[in-house]
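Got a structure for you, questions after.
Quick note: the coordinates plus some simple rules give every number you see, no bench work behind them. In this text, all values refer to a predicted model and were calculated from it rather than measured experimentally. As a convention, Cβ positions derive from the backbone with ideal geometry for all residues, glycine included, and neighbour counts pool all protein chains shown.
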Amino acid sequence: MQLHAEGIEKRFFRKTGSANNFFAVSKTDFDLLPGAVTVLVGRSGSGKTTLLQMLSGLLSPTSGKVFADGTDLYSLPDKALSRFRSTHLAVIPQGLSLLQNLTVMENLLLPGSLYSKSPVTEGTALEMLEKLGIGHLAGVYPTELSGGESRRVAISRALLHRPDVLFADEPTGDLDDENTDLVLDLLQAEARRGAAVLLVTHEAGAERIADNVYRMTAGKLSCERSAHEA
Ligand SMILES: Nc1ncnc2c1ncn2[C@@H]1O[C@H](COP(=O)(O)OP(=O)(O)O)[C@@H](O)[C@H]1O
Ligand SMILES: [Mg+2]
């Protein structure tokens, strides 16, 4: 699935401070292609998460459009958009995202039970957890997990979904080097099986899996490296 954004921008209002009306993301076009890993870098507060959320159907742009294989995401009614997102897209969010009153395993099985494109079995879920070194935590509740363990559960949940487009917002921020390498390899494998992957990261090592690299600077997007130019 190809994701295409046309002239999207996001303006935020703040009640305090002098700049109470500003563009978190200035008008930009953007494409995510199937089979490619696109890496997005930039300083904290530069607008990376805002762009990711607009592209993933979570945050409606102030103006502009986002198309997924021709479907205009924000023209869909809420329910259809949420169904579309559950079927085709997966997000590894920057913050904590697990449901606290469900075990790790229940967190993994829930999305597939709501919209079963390819229902996830307990066996597959356990294999994924084991791949990420947290198989022993399947029956545990999220409050008992470390930051890095929670992150790996969220990563497992997104990967099990086999999305057409995968968005990862600083997924390795709280992981050690070994797990960081493992997660980068798994994201690259997602692209190799045909997914379009957007990876927001500060990880220098992410360059090795990047087909395209973009930089966000105070809301302005620029291309640093493109597969088409290589
Ligand atoms: N809901 C919001 N309302 C107002 N300002 C916001 C909101 N969300 C983010 N911002 C601001 O927009 C800018 C970009 O934020 P963000 O996209 O999260 O940056 P990054 O992910 O690059 O760290 C920041 O200045 C942030 O404070
Ligand atoms: Mg962010």
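For the range 191-230 and the range 91-130, what is the centre-to-centre distance using only Cα atoms, to the nearest Å?
The range 191-230 and the range 91-130 have Cα centres spaced 27 Å from each other.
Continuing with this model, one more query. So if R0 is 25 Å, what FRET efficiency would T71 and K15 give, r being the distance between their Cβ atoms, rounded to the nearest 0.05?
0.10
Then there's this: Would you calculate the separation in nanometres between label points at R225 and S118, each defined as 7 Å from the Cα along the Cα-to-beta-carbon direction?
2.9
Just subtract the alpha-carbon distance of E178 and T87 from 0.36 nm times their residue separation and send over the number in nm, one decimal.
Result: 29.7 nm gained on full extension.
Right, another one. Could you tell me the relative contact order of the range 1-82? Use alpha-carbon pairs under 8 Å, at least six residues apart, and round to a whole percent.
Value for the range 1-82: 37 percent.
Where does helix 177-192 land angle-wise versus the long Cα axis of the chain, in degrees 0 to 90, nearest 10?
70
Rounding to the nearest 10 and keeping the result within 0 to 90°, find how far the Cα-based axis of helix 147-160 lies from the longest principal axis of the chain.
90
Enumerate by residue number the GluC sites (Glu not before Pro) in the range 134-230 meeting two conditions: DSSP loop (anything except H, G, I, E, B), and at most 14 other Cβ atoms within 10 Å of the site's Cβ.
E229
Next question, about the same structure. Provide, for the chain, the number of lysine pairs with alpha carbons under 12 Å apart, each pair being eight or more places apart or on different chains.
Summing the qualifying lysine pairs gives 7.
Still on this model: Relative contact order of the chain: what whole-number percent is it, with Cα pairs under 8 angstrom and at least 6 residues apart?
Reported relative contact order: 30 percent.
Out of K15, K79, K27, any idea which swings most in a Gaussian network model of the chain, alpha carbons joined below 10 Å?
K15
Now a separate question. Could you check the simple spin-label distance between L126 and H4, using points 7 Å along Cα→Cβ, in nm with one decimal?
The two pseudo-label positions are separated by 4.5 nm.
How would the range 41-159 be classified by its alpha-carbon gyration tensor: rounded, prolate or oblate, with rounded meaning a/c under 1.5 and the a/b versus b/c comparison settling the rest?
Note, shape of the range 41-159 comes out oblate.
Suppose R0 equals 30 Å; then what is the FRET efficiency for E106 and T217 from their Cβ-Cβ distance, rounded to the nearest 0.05?
E between E106 and T217, to the nearest 0.05, is 0.15.
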